[in-house]
Amino acid sequence: MPEPVTIYEVGPRDGLQNEPGFVATETKVALIDLLSDTGLTRIEAASFVSPKWVPQMADAAEVMAAIHRRPGIRYAALTPNMQGFQAAQAARADEVAIFASASEGFSRRNINCSIAESLARFEPVAQAAREAGIPLRGYVSCVVECPYDGAVAPEAVRSVAQALLDMGCYQVSLGDTIGRAGPDDIDRLLAHLGAAIDPVRLAGHFHDTGGRALENVAVALDHGLRTFDSAIGGLGGCPYAPGARGNVSTLPLARMLADAGWDAGLDLGLLARAEAFMATLKAESA
């Protein structure tokens, strides 16, 4: 039997938040509903952050209220602080996520504080999630290279990832935020992390700036990772990482996994429909 792999769809949040023009609430809802038909079990649907900093997510509560929730799918939300967590909880998010950086320079540019300060800020969120019985996921940005600090040591990644796990995250997603990592970089990083962290508690989050995201997925599979973030149509980027392209695209990732004998449980035809919907939207906004 093919071994299962989870594709964690981040397009509605990590993807759409980088679109230059505001995407209408009903369009976001329609996209999430299309994705919900594909067999995905994890969809990051919204981000409860200040609309001053991420205006694209200003309608997060409305989106969460309007989507047609399917049994077996966890609809997740990014929650950087207690205000965001409380809003996500009120919106019935099935899962919440916190995010830190392995690079001091990126941490200060992205969330205006040091790595240590960011982790301290997340403690109340983690405690509240535990008390509410809501699964908590963690993200680590810049796991290979930072646009401000340059190369990032695997030891720094391991320290932040372990801190998030110790805080109560069931899984930590490793972000190649600027998309410059190659297979050798991912191999070196995961060899280091694997000495201390069970690989099933790690996920790969590879941007495709260098066109090597699928190669990086293949290396991560060899290291035992079984969850990969992706965005329908390759949506995404990073406002604090100049030049970074979008996330690895969901449909090509699903096809690669299927061709290699892995079972992601997805309907490729319905994924193609969701991708076509997103492509039409982008064409109209161009």
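Quick notes
- The residues listed here are V143, V157; of these, the one that is in a helix (DSSP H, G or I), modelled with pLDDT of 95 or more and either open to solvent by less than 30 Å² (accessible area, probe 1.4 Å) or in contact with an Asp or Glu (Cβ under 7 Å, 6 or more places away or on another chain) (or both) is V157.
- Selection within the stretch 124-140 - open to solvent by 10 Å² or more (accessible area, probe 1.4 Å), small (G, A, S) and touching a Phe, Trp or Tyr at 6+ places or on another chain (Cβ under 9 Å): A128, A132
- When the stretch 187-234 is limited to residues that are more than 24 Å from P2 (Cα to Cα) and part of a helix (DSSP H, G or I), the one that is most open to solvent (accessible area, probe 1.4 Å) turns out to be R188.
- Filter result for Q83 (within 29 Å of Q162 (Cβ to Cβ) and surrounded by fewer than 17 Cβ atoms within 10 Å (Cβ to Cβ)): yes
- Residues that are in contact (Cβ under 8 Å) with a residue 24 or more places away in the chain and of a type in the set (A, V, I, L, M), drawn from the stretch 105-137: I111, I115, L119, V125, A126, A128, A129, A132, I134, L136
- Spans of helices (runs of 4 or more DSSP H) in the stretch 30-140 with at least 1 residues at pLDDT 95 or above and in contact with a Leu (Cβ under 7 Å, 6 or more places away or on another chain): 115-132
- Single residue of the stretch 31-55 satisfying the filter (in contact with a helix residue (DSSP H, G or I) (Cβ under 6 Å, 6 or more places away or on another chain) and either of a type in the set (F, W, Y) or surrounded by fewer than 19 Cβ atoms within 10 Å (Cβ to Cβ) (or both)) that is farthest from P4 (Cα to Cα): V54
- Residue ID - nearest to P80 (Cα to Cα), chosen from residues in the stretch 97-123 that are among the β-branched types (V, I, T) and surrounded by fewer than 24 Cβ atoms within 10 Å (Cβ to Cβ): I111
- For beta carbons closer than 6 Å, sequence separation of 6+ or different chains, a first residue in the stretch 15-29 that is outside any helix (DSSP H, G or I) and a second that is surrounded by fewer than 21 Cβ atoms within 10 Å (Cβ to Cβ), the qualifying pairs are G21/S285.
- Qualifying positions in the stretch 168-186 - in a helix (DSSP H, G or I) and either surrounded by 21 or more Cβ atoms within 10 Å (Cβ to Cβ) or touching a residue at least 60 places away in the same chain (Cβ under 8 Å) (or both): I186
The values are calculated or read from the model by the stated rules, or taken from the named source; none is laboratory data. Note that the coordinates shown come from a computational prediction; the quantities given were computed from them, not determined experimentally. Here the Cβ is made from the backbone with ideal geometry for all residues, glycine too, and neighbour counts use every protein chain on show. Just so you know, the surface numbers come from the protein's heavy atoms only, side chains and all, with ligands and any DNA or RNA stripped out. Shrake-Rupley method; radii C 1.70, N 1.55, O 1.52, S 1.80 Å.
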